[in-house]
Each structure stands twice: as structure tokens, then as C-alpha cells.
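**Q** To start, I am sharing the structure in question, which I have written as C-alpha cells.
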Amino acid sequence: MPKLTKRTVEGAAPQAADVFLWDDELKGFGVRVWPSGRRVYLVQYRAGGRTRRVKLGAHGALTAEEARKRARELLGTIAGGDDPAEALHTHRRAPTVAALGARFLAEHVAHRCKPSTQGEYRRCIELFINPRIGTHKVPDIRRQHVQALHDELRRIPYQANRALGVLSKMFSLAEAWGLRPDGSNPCRHVRKYPEQKRERFLSAEELRRLGAALAGLEVEMPEMRAAVAAVRLLVLTGCRLGEIQTLCWAHVKGSVLELPDSKTGAKRVWLNRAALDVLAALERHEGNPYVIQGRQPKSHLTDLQKPWRRIRARAGLADVRLHDLRHSFASFALMNGEALPVIGRLLGHSQVQTTARYAHLADDPLQAAAERTGAHINAFFDSQAIGRAP
């Protein structure tokens, strides 16, 4: 065949079946003429004992010389060991980010994460990841896609950072599952937004108001007794909300709670006398294993947020969250002189750094100690000044 040019390509008459014209200068470069008259440039080569073809583009969209240039570049990569036809086939079969997220939830999260964490991951994928990049193929995702998603969520920095963390784990697994090359995680070098850790602690006066509100509602609204007991236990133990909501009587071992599972695994909680009194005052119903019982048989109280809004409104604590009661437990322990490692054990922290966020609260008793010491020393100065000549 002669060299493929505009004239030779357009001069090839369509037949009843496809016709292939091959260039006499560049081996493997050709054009396919369809019975419809459509002409498409292609490259043909052998790889793995098979004949493979890669389409370069339609005649008209490409000139013969443009197609020749592309063919020469592609044949060069093939000579180097690449198989572009197989790469295209693999890409067509590649899952989308949404499909990767579904596999991540089913094969990783469902077996390695706690139910609450599973819900958080599913929410993050469905609300923040899939609507933005869910239809993209996994191999196509680049850092700029992740950065754009992160930037779009900048108004909610905490959620933006959680979405980045979930994506990073998804793409790490994509590498392990052979869906992306090793070391290609597109989340690398995308910087997280600074997060302002909320630190809200009840003062002694606020704690008195909370106690009064709980006592009043317990008498006026008997149906709130379970919620009132739950709040008291949260304040008196420093436990997390889920640990108290799902607490079973079987976990109460004398003056200790033996929790089989928590955010940090199995956990022991030491009960003070006040907490034991709260437990002793609670009614037990046969067949219901839960301490904080719900309205349905054999159930625990599932929604503490609604009664908490009523309680905090009565106590004048509109900005206080239930989790702030845990912070308050730590703050009162520090102000009473307890050491950080001890407080960490009481709260069930797995890392010292988690407890260290409360360290600055020890400044108040230290300031008071400094004042007492200074006053004591200054008393000697004042006594020496008595009778001294001016």
C-alpha cells in the first residue's frame, strides 16, 4: 500500500465489509474504512501473543499527518513494553469512586469499625464524596480533584478534614486491591484545615444550676427520670454518651463498670459514691438488661438530645452539649489536684495527648497556690517593716 495521505484515505471506496489500508512507511499505522464511509485511523501491534488495535481518531477530526504523528509516538511506547489496548480495556473496567466507597464500606468498615463509626463513614461518603467525585473512575482521580473537594467544604473545616481522611483510606485500599499503582494516593500533600477544639466546661455555679434543674424535672416529670439519671451519670463518671445509653446491669460489678466495648475498646470505669447512689435509685424491669431504660420493652433510651434541650434550657446552659459534661468531669478532677495520667485512666483515654488538652485547666489551682505562698512570704516582709525608721 502507498503512504497514507488525505488523497489515498478519501479515495478508498467503502465496501460491503470493513477495509483496512496500511501505511507503507510506518508499520502498524493504518486506516479502517467502514461500509458507511466512516474512516478511522488506528495502530495495530502484537502483545502477549495477540493482535491488538488502538483507535487514534476519525479522519476529518484528524489529518493523515496528525494521525501519523500520534501513531509514531504510540508505537514508540509499545516498543518500550507498553500495551495501550490492555490499558484502555482495564480503564473501562475500572470502578468509579462511588463503587470504591461501597466496597470500602462492605469489605473494610463493616468488619473493622464500630457501628457508630460505620454510620459516620457512610454519611461522609454519601453526603460529601459521592456528589462531588462519585462518578469519576478511580484511576482518574488526581490531587487536584481531592483539593477541589476539600476547598469546597472549607466552610465546615471539621467535616472537610473527615472527608479527606476517609478518601485517603479508600485510596490506600485501592492500591492494596490493585486498582491504582502503589504510592499514588491523591490525598497526599492536601493539607487539613486548622480545627478549633471546643472547650466548654461547667463552672461550680453552672453545676449547681444543672443539679437544681435535674432535681426539679425528676419530680415534675416522672417520665424524664431515665434521662435525668443518664445526665447525672455522665457528669459523675465522665463517660461518653453511648457508654451510658447502652450500659447494661451486667456491666455493673460492685463499684466498677466493666464495659466490654467502647471507643477505645474494653474499658473499666470506677464509680464514686454519688454515681452508685444514682444506680441504686433506678428501677429494674424484668427482661430489660439496660440501666437507662427506654419506653419500649427490653430497650434503652435512644434519644437523649430532646430531654437534654429541656434540661439545659431550665438550667440556663443553652450552649452546653452533652459531651461537655465529660469535659467538665476532667476539669473538676484537675482543679481538685488529680494528675493528668490519673484523669486519663478515669476517662479511658488510649493516648496521653488526648488528656493533655486539659492541662491548662491546672493553672487555676497553681495560681491559687502561688497566691497563698506569696502571701505567706510577704507576711515576713511586713513584720520586718514594723518599727523601721522611715
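The values are calculated or read from the model by the stated rules, or taken from the named source; none is laboratory data. If you're wondering where the values come from, they're calculated on a predicted model, not measured in any experiment. Here Cβ is always computed from backbone atoms with ideal geometry, including for glycine, and neighbour counts include all displayed protein chains.
**Q** I'd like to check something: does the stretch 179-188 contain any residue that is more than 28 Å from A94 (Cβ to Cβ), surrounded by 15 or more Cβ atoms within 10 Å (Cβ to Cβ) and among the basic types (K, R)? Walk me through it before giving the result.
**A** So in the stretch 179-188, the residues more than 28 Å from A94 (Cβ to Cβ) come out as none.
So far as the stretch 179-188 goes, no, none of its residues is more than 28 Å from A94 (Cβ to Cβ), surrounded by 15 or more Cβ atoms within 10 Å (Cβ to Cβ) and among the basic types (K, R).
**Q** May I pose another question? Give the residues of the stretch 74-97 that are modelled with pLDDT under 85 and either in the same structural domain as K137 (by TED's automatic domain parsing) or part of a helix (DSSP H, G or I) (or both), sorted by residue number.
**A** P84, A85, E86, A87, L88, H89, T90, H91, R92, R93
**Q** Another one. Has the stretch 37-50 got at least one residue that is more than 54 Å from the chain's Cα centre (by Cα) and not assigned by TED's automatic domain parsing to the domain that holds L127?
**A** Residues of the stretch 37-50 more than 54 Å from the chain's Cα centre (by Cα): 37.
If we keep only those that are not assigned by TED's automatic domain parsing to the domain that holds L127 too, we end up with 37.
Among the residues of the stretch 37-50, at least one is more than 54 Å from the chain's Cα centre (by Cα) and not assigned by TED's automatic domain parsing to the domain that holds L127, which makes the answer yes.
**Q** Looking at G60, G30, G48, which is the one that is touching a strand residue (DSSP E or B) at 6+ places or on another chain (Cβ under 9 Å), of a type outside the set (F, W, Y), more than 30 Å from L149 (Cα to Cα) and surrounded by fewer than 18 Cβ atoms within 10 Å (Cβ to Cβ)?
**A** After applying the criteria, what remains is G60.
**Q** Consider E283 carefully, then state whether it is out of contact with any strand residue (DSSP E or B) (no Cβ under 7 Å at 6 or more places or on another chain), more than 28 Å from S203 (Cβ to Cβ) and among the acidic types (D, E). Walk me through how you get there before you give the answer.
**A** On the way: out of contact with any strand residue (DSSP E or B) (no Cβ under 7 Å at 6 or more places or on another chain): yes; more than 28 Å from S203 (Cβ to Cβ): yes; among the acidic types (D, E): yes.
Spelling it out, E283 is indeed out of contact with any strand residue (DSSP E or B) (no Cβ under 7 Å at 6 or more places or on another chain), more than 28 Å from S203 (Cβ to Cβ) and among the acidic types (D, E).
**Q** Those residues that are loosely packed, with under 10 Cβ neighbours inside 10 Å and touching a Pro at 6+ places or on another chain (Cβ under 8 Å), I need them from the stretch 286-307; list them, please.
**A** Matches in the stretch 286-307: G287 only.
**Q** While we're on this one: Collect the residues in the stretch 313-331 that are assigned to a helix (DSSP H, G or I) and without any contact (Cβ under 8 Å) to a residue 60 or more places away in the chain, keeping them in residue-number order. Please lay out each step first, then the result.
**A** Initially, the stretch 313-331 is screened for residues assigned to a helix (DSSP H, G or I), giving 313-315, 323-331.
Passing the criteria: only A313.
**Q** Moving on. From I129, I125, I156, grab the single residue that is surrounded by fewer than 16 Cβ atoms within 10 Å (Cβ to Cβ) and among the β-branched types (V, I, T). Working first, answer last.
**A** Values: I129 fails: surrounded by fewer than 16 Cβ atoms within 10 Å (Cβ to Cβ); I125 fails: surrounded by fewer than 16 Cβ atoms within 10 Å (Cβ to Cβ).
Matching residue, one of I129, I125, I156: I156.
**Q** Of all residues in the stretch 188-242, which are among the basic types (K, R) and within 20 Å of S328 (Cβ to Cβ)? Spell out the reasoning first.
**A** Start the filter on the stretch 188-242 by keeping residues that are among the basic types (K, R), which leaves 188, 191-192, 197-198, 200, 208-209, 225, 232, 240.
Residues satisfying the conditions are K197, R198, R200, R208, R209, R232, R240.
**Q** Looking for something closer than 30 Å to V166 by Cβ, at pLDDT below 90 and not β-branched (V, I, T) - is there at least one such residue anywhere in the stretch 49-66? Explain how you work it out, then say what you get.
**A** As a first pass, look at the stretch 49-66 and keep what is closer than 30 Å to V166 by Cβ: none.
No.
**Q** For the stretch 334-352, what are the residues that are in contact (Cβ under 8 Å) with a residue 60 or more places away in the chain and assigned to a helix (DSSP H, G or I)? Working first, answer last.
**A** Applying the first criterion (in contact (Cβ under 8 Å) with a residue 60 or more places away in the chain) to the stretch 334-352 yields 346-350.
Within the stretch 334-352, L346, L347 qualify.
**Q** Kindly check whether there is at least one residue in the stretch 286-304 that is modelled with pLDDT under 90 and closer than 25 Å to V342 by Cβ.
**A** No, the conditions are met nowhere in the stretch 286-304.
**Q** Okay, moving on. Within the stretch 197-242, how many residues turn out to be on the phi < 0 side of the Ramachandran plot and either in a loop (DSSP other than H, G, I, E, B) or touching a Leu at 6+ places or on another chain (Cβ under 9 Å) (or both)? Explain how you work it out, then say what you get.
**A** Initial filter on the stretch 197-242 (on the phi < 0 side of the Ramachandran plot): 197-237, 239-242.
Pick out the ones that are also either in a loop (DSSP other than H, G, I, E, B) or touching a Leu at 6+ places or on another chain (Cβ under 9 Å) (or both) and you get 197-203, 206, 209-210, 213, 221, 224-237, 239-241.
Count: 29.
**Q** Please determine whether any residue of the stretch 186-200 is over 29 Å from the mean Cα position of the chain (by Cα) and of a type in the set (A, V, I, L, M). Spell out the reasoning first.
**A** Initial filter on the stretch 186-200 (over 29 Å from the mean Cα position of the chain (by Cα)): none.
Among the residues of the stretch 186-200, not one is over 29 Å from the mean Cα position of the chain (by Cα) and of a type in the set (A, V, I, L, M), which makes the answer no.
**Q** Any residue in the stretch 118-130 that's in a helix (DSSP H, G or I): show its pairings with residues that are among the β-branched types (V, I, T) and crowded, with 16+ Cβ neighbours inside 10 Å at Cβ separation under 6 Å, as long as the two are six or more apart or on different chains.
**A** Close Cβ pairs (under 6 Å, with a partner that is among the β-branched types (V, I, T) and crowded, with 16+ Cβ neighbours inside 10 Å) amount to Q118/V109; Y121/V109; Y121/V166; C124/V166.
**Q** Okay, next question. Which numbered condition in (1) polar (S, T, N, Q); (2) modelled with pLDDT under 95; (3) surrounded by 15 or more Cβ atoms within 10 Å (Cβ to Cβ) is the only one that Q147 fails?
**A** Answer for Q147: the failing condition is (2).
**Q** Regarding G178, is this residue assigned to a loop (DSSP other than H, G, I, E, B), more than 14 Å from the chain's Cα centre (by Cα) and small (G, A, S)? Break it down stepwise before answering.
**A** Values: assigned to a loop (DSSP other than H, G, I, E, B): yes; more than 14 Å from the chain's Cα centre (by Cα): yes; small (G, A, S): yes.
Yes; evaluated as a whole, the condition is true for this residue.
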